[in-house]
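Below you'll find the structure, written out as structure tokens, and then a few comments.
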Amino acid sequence: MSWSRDCSNPPALDGACPSPARPQGRGTPWMKRAAGLVMSASALLVAVGAPAQAQPAEPQVLNLYSARHYQTDEALYADFTRQTGIRINRVDSDDAGILARLRTEGAASPADVILLVDAARLWRAEVDGLFQPLRSPLLEQKVPATLRGRDSGEGSQWFGFSTRARVVVYDKQAVKAADVDTYEELGDPKNRGRLCIRSGSHPYNLSLFGAMQEHLGPAATEAWLQGMVANMARPPKGGDTDQIRAVASGECKIAVTNTYYLARLMRSDKPEDRAVVERIGVSFPNQSSWGTHVNISGAALARHAKNRAAAVRFLEYLASDQAQIYFADGNNEWPVVSTVKPRNPALSAMGDFKAETVPVSVVGMNQVRIQQMLDRVGFK
Ligand code: FE
């Protein structure tokens, strides 16, 4: 792998970036451990008139709606339960599914904490009134203001807990690093027939494009999107990892991906993954201008949380050194807490970089307009 910029130090994201994007909805069925309606053993004892002192303490629970689709998060949840005794009932889905479910459930929703993986979705949920503000001196001290939701005086609506960058990978034998060191060049005629990218409507891309609109303005952004359509080596399909593999296989020469998918390949022991990594160069675009687009994963207190104390404890846990290390080492994301230094070799190899600082709320608001542009230019 080669790097189109100086990659030396681990990334420092303090004061960095807020930005956008969302994760996939792979339609994980509404699951597993729905909020429990099981009558507890202690309640039964009371019902039959057992002495009060015989009642065991009611176990504390937390109902978590999570759009994070990463196996490695299991360790994080288990660690929280080990530390606090609070059991987590988790409902997994994609961001859109979680928001739809919250709207349907209304005040009856058992959700206490909502964990989403795209800033634009966090913004949408905030605007739709699905969160409640939280005043937490600890979180305000640990999470940079640029990575928190709006504070209307009663606290922030949500908190970012990890970040990921949206970068360009390229076939280093066929493409010059200088041809892909800005996002603008993805739409330049010099890259005709070279580009692989997932669906334009995917939240990760909607957020990148929404941020671009802030930098370029609407007309130039639409022209840029049209340029990308003209440059595609194939119609958009698959996820980010598929785009990286398509560069390695020669199907395309340039692709767009989130860093954590790239880091997974970099840390893989499989010979086929190592071969992919050997073949590609990585560009953190726009280092000479506004910086590389960065997205966040964040969490919020649900509007109708019934287990508020447990929910606050969990949110504050997510900013602990241990949880931040889980994000970094488990899913190759950058911590938001500046004093936490990941030991992740892939993140270290990616080095320090300049991150864009477009307000999350703005990126969220741009989504509708971006989707209209995508429809007009035929970016599926
Ligand atoms: Fe993802």
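The values are calculated or read from the model by the stated rules, or taken from the named source; none is laboratory data. Worth saying up front: this structure is predicted, and the values here are computed from it rather than measured. Note that we place each Cβ from the backbone using ideal geometry, even for glycine, and neighbour counts take in every protein chain shown. Just so you know, the surface numbers come from the protein's heavy atoms only, side chains and all, with ligands and any DNA or RNA stripped out. Shrake-Rupley method; radii C 1.70, N 1.55, O 1.52, S 1.80 Å.
Side notes on the structure shown:
- When the test is whether a residue is modelled with pLDDT of 95 or more, more than 17 Å from ALA255 (Cβ to Cβ) and open to solvent by 40 Å² or more (accessible area, probe 1.4 Å), GLU184 does not pass it.
- Any hit, region 267-290, residues being acidic (Asp, Glu) and either in contact with a strand residue (DSSP E or B) (Cβ under 7 Å, 6 or more places away or on another chain) or modelled with pLDDT under 95 (or both): no
- Filtering region 256-293 to residues that are more than 14 Å from the ligand (Cβ to nearest atom), within 30 Å of ALA125 (Cβ to Cβ) and of a type in the set (A, V, I, L, M, F, W, C) leaves PHE284, TRP290.
- Note on region 287-313: residues that are crowded, with 24+ Cβ neighbours inside 10 Å and assigned to a helix (DSSP H, G or I) total 1.
- VAL276 being farther than 29 Å from THR357 by Cα, assigned to a helix (DSSP H, G or I) and open to solvent by less than 60 Å² (accessible area, probe 1.4 Å): yes
- Number of positions in region 142-164 that are open to solvent by 10 Å² or more (accessible area, probe 1.4 Å) and in contact with a Pro (Cβ under 6 Å, 6 or more places away or on another chain): 3
- Any helices (runs of 4 or more DSSP H) falling wholly within region 51-146 and containing at least 3 residues that are within 20 Å of ALA323 (Cβ to Cβ) and not assigned by TED's automatic domain parsing to the domain that holds ARG308: none
- Test: residue in region 281-294 that is over 21 Å from the mean Cα position of the chain (by Cα) and farther than 30 Å from LEU216 by Cβ: no
- Residue in region 326-333 that is modelled with pLDDT of 95 or more and of a type outside the set (D, E, K, R) present: yes
- Any hit, region 313-327, residues being within 16 Å of the ligand (Cβ to nearest atom) and either touching a residue at least 12 places away in the same chain (Cβ under 8 Å) or under 22 Å from HIS202 (Cβ atoms) (or both): yes
- A Cβ distance below 8 Å, combined with a sequence gap of six or more or placement on separate chains, defines the contacts here; from region 337-353, residues that are free of Cβ contacts under 8 Å to residues at least 24 places away in the same chain reach residues that are crowded, with 17+ Cβ neighbours inside 10 Å and among the acidic types (Asp, Glu) in the pairs ARG343/ASP329.
- Test result for GLN71, within 16 Å of the ligand (Cβ to nearest atom), loosely packed, with under 13 Cβ neighbours inside 10 Å and at pLDDT 50 or above: yes
- On the stretch given as region 211-238, residues that are acidic (Asp, Glu) and open to solvent by less than 50 Å² (accessible area, probe 1.4 Å) total 1.
- For region 239-257, a residue qualifies if it is open to solvent by less than 10 Å² (accessible area, probe 1.4 Å), over 11 Å from VAL282 (Cα atoms) and under 15 Å from the mean Cα position of the chain (by Cα), and exactly one does: ASP240.
- For region 318-349, the set of residues classified as buried (at least 20 other Cβ atoms within 10 Å of the Cβ) and either of a type in the set (Ser, Thr, Tyr) or outside any helix (DSSP H, G or I) (or both) consists of ALA319, TYR326, ASN332, GLU333, TRP334, PRO335, VAL336, VAL337, ASN344, listed by residue number.
- Those residues of region 93-105 which are of a type outside the set (S, T, N, Q), at pLDDT 95 or above and either open to solvent by 30 Å² or more (accessible area, probe 1.4 Å) or closer than 23 Å to ASP329 by Cα (or both), in sequence order: ALA100, ARG101, ARG103, GLU105
- Any hit, region 230-242, residues being in contact with a Phe, Trp or Tyr (Cβ under 7 Å, 6 or more places away or on another chain), closer than 18 Å to ALA165 by Cα and outside the structural domain of LEU116 (by TED's automatic domain parsing): yes
- Condition check for GLY155: away from the ligand (no atom under 16 Å from the Cβ), within 22 Å of ARG376 (Cβ to Cβ) and under 23 Å from the mean Cα position of the chain (by Cα): no
- Among (1) more than 30 Å from THR221 (Cα to Cα); (2) touching a Leu at 6+ places or on another chain (Cβ under 9 Å); (3) not hydrophobic (A, V, I, L, M, F, W, C), the one test that LYS380 misses: (1)
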